[in-house]
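See below for the structure under consideration.
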Amino acid sequence: MSKRAFLLLLMAGLVTAGPAQVLINLQLPPSGVTIKSQLWNFSLVNTSTTTYDIQVEVTLTDMSNNQRVLAGTSKLIQLPRGARVIKPSDVLPVTYNVTGPGVDASPDGFLPVGHFMTCFSVLRINSDLSERLAEECESIEVEPISPPILVNPSDSDQVELSHPLFTWIPPTPFTLFTNLRYNWTLVEVADLQTGATAIQQNVPLLSQSSLGITSFQYPLSSPALDTGKVYAWQVTAVNNNSVIAQSEVWTFRLRKLGVDTVTTANKEGFYARLKREENASFVLSYGKINFEYFNESNSALVQLRLLDISKPVRRTIALDSASYSVKPGQNLRQLDLTDKGLTAGHVYLLELTNRAGERWYLKFEFRKPD
């Protein structure tokens, strides 16, 4: 007997048997389920000749203690004869009943982490009565979301800049989030404290909420960091005003260095590369600035602009020339800024614009040459 004939015979048997007239084909991955909407992916087969008005109910039971933590009921759905693929948009709005501690109650929120038995029931709705037509269960594992990963300053690092640039990597899977923002916190670490304890107990030296990018420049308007202190920082990821995950807590201190031991933008042989994001490159300059521009657009001329960004209103600094000739590929250039009236301790932005209108940036802190 062919496979097709066997399936037809099986379905015919189900019809004549009476009770099992709806089949559920679950399409849940065994792992990787993270948000509630991912549960609602399955297909239904109505083997009868009747169109049913149905609701689908899903329950999550913690397999470690056999306690139900979540139940959800779909809106009323029409199920005609034959097969129908159900997508999340077909069941909205879903009514959820949260019974487990610490479970996100929002309709589009995250599932609790753990190993669960997930059961789907198809309920036929007739006036005020309901009849269970089918039920199917499958175990799933909800894995934790990878938190933001701190990048710079690295843990236990000694940084060279009194106003450093903080960078991190977004939580994953990144595509799950619709309105991802970051809360950044910096504290001083007291003697005999760990960084994690300092973050929990100490008043923040500085904090920033609702950052839309994965970097934060310590403001020049804030007091310079002290070489005699240890600092701790942490980033919290927030999606639609709900906390998603927190990074580790890293510590660092400011190292006091002389001009000849600091990697600077005017150090012999070192060229700071211009990048497409304003906060991607940050260096020190002691009168000159060496920069690298990779000319991908084959522009013959580019425009340079220098801005003082230390205050809310940016101020343009006059350069000897606004236009510079460049060649395809790598270009290494030097700007002499010793006679441009730059202020020590201020942060400046070098902006390059090519013929395609693309902007490339290098941010630097100016210090007086010895």
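Which residues, taken from the stretch 315-354, are modelled with pLDDT under 85 and under 14 Å from Gln303 (Cβ atoms)?
Asp320, Ser321, Ala322 - these are the residues of the stretch 315-354 that are modelled with pLDDT under 85 and under 14 Å from Gln303 (Cβ atoms).
Which residue, of Gln78, Gln67, is at pLDDT 90 or above and closer than 19 Å to Arg132 by Cβ?
Gln78
Scanning the stretch 299-317 for residues that are under 15 Å from Glu365 (Cα atoms) and among the hydrophobic types (A, V, I, L, M, F, W, C), which turns out surrounded by the most Cβ atoms within 10 Å (Cβ to Cβ)?
Checked the stretch 299-317; the qualifying residue surrounded by the most Cβ atoms within 10 Å (Cβ to Cβ) is Leu306.
Residues Glu160, Glu131, Glu143: which one is under 22 Å from Glu278 (Cα atoms), modelled with pLDDT under 95 and charged (D, E, K, R)?
Only one candidate qualifies: Glu160.
Every residue in the stretch 28-56 that is exposed (fewer than 15 other Cβ atoms within 10 Å of the Cβ), at pLDDT below 85 and on the phi < 0 side of the Ramachandran plot, please.
Pro29, Pro30, Ser31
Restricting the search to the stretch 101-129, which residues are hydrophobic (A, V, I, L, M, F, W, C) and either in contact with a Pro (Cβ under 9 Å, 6 or more places away or on another chain) or not in a loop (DSSP other than H, G, I, E, B) (or both)?
Matches in the stretch 101-129: Val103, Phe110, Val113, Phe116, Met117, Cys119, Phe120, Val122, Leu123, Ile125, Leu129.
Mind listing just one residue for me: the one in the stretch 105-117 that is touching a Ser or Thr at 6+ places or on another chain (Cβ under 7 Å), surrounded by 16 or more Cβ atoms within 10 Å (Cβ to Cβ) and not small (Gly, Ala, Ser) and, of those, modelled with the lowest pLDDT?
Among residues in the stretch 105-117 that are touching a Ser or Thr at 6+ places or on another chain (Cβ under 7 Å), surrounded by 16 or more Cβ atoms within 10 Å (Cβ to Cβ) and not small (Gly, Ala, Ser), the one modelled with the lowest pLDDT is Phe110.
Within the stretch 329-336, can one find any residue that is in the same structural domain as Lys288 (by TED's automatic domain parsing) and within 24 Å of Leu220 (Cβ to Cβ)?
There is at least one residue in the stretch 329-336 that is in the same structural domain as Lys288 (by TED's automatic domain parsing) and within 24 Å of Leu220 (Cβ to Cβ).
Quick one: in the stretch 158-202, which of the residues that are of a type in the set (D, E, K, R) and surrounded by 15 or more Cβ atoms within 10 Å (Cβ to Cβ) is nearest to Gly109 (Cα to Cα)?
Arg181
Give the stretch 227-241 a look and list any residue that's crowded, with 18+ Cβ neighbours inside 10 Å and either under 13 Å from Glu188 (Cβ atoms) or hydrophobic (A, V, I, L, M, F, W, C) (or both), or say none.
Answer for the stretch 227-241, where residues must be crowded, with 18+ Cβ neighbours inside 10 Å and either under 13 Å from Glu188 (Cβ atoms) or hydrophobic (A, V, I, L, M, F, W, C) (or both): Val230, Tyr231, Ala232, Trp233, Val235, Ala237, Val238.
The values are calculated or read from the model by the stated rules, or taken from the named source; none is laboratory data. Nothing here was measured: the structure is a model prediction, and the numbers come from that model. Cβ: placed from backbone, ideal geometry, glycine included. Neighbour counts: every protein chain shown.
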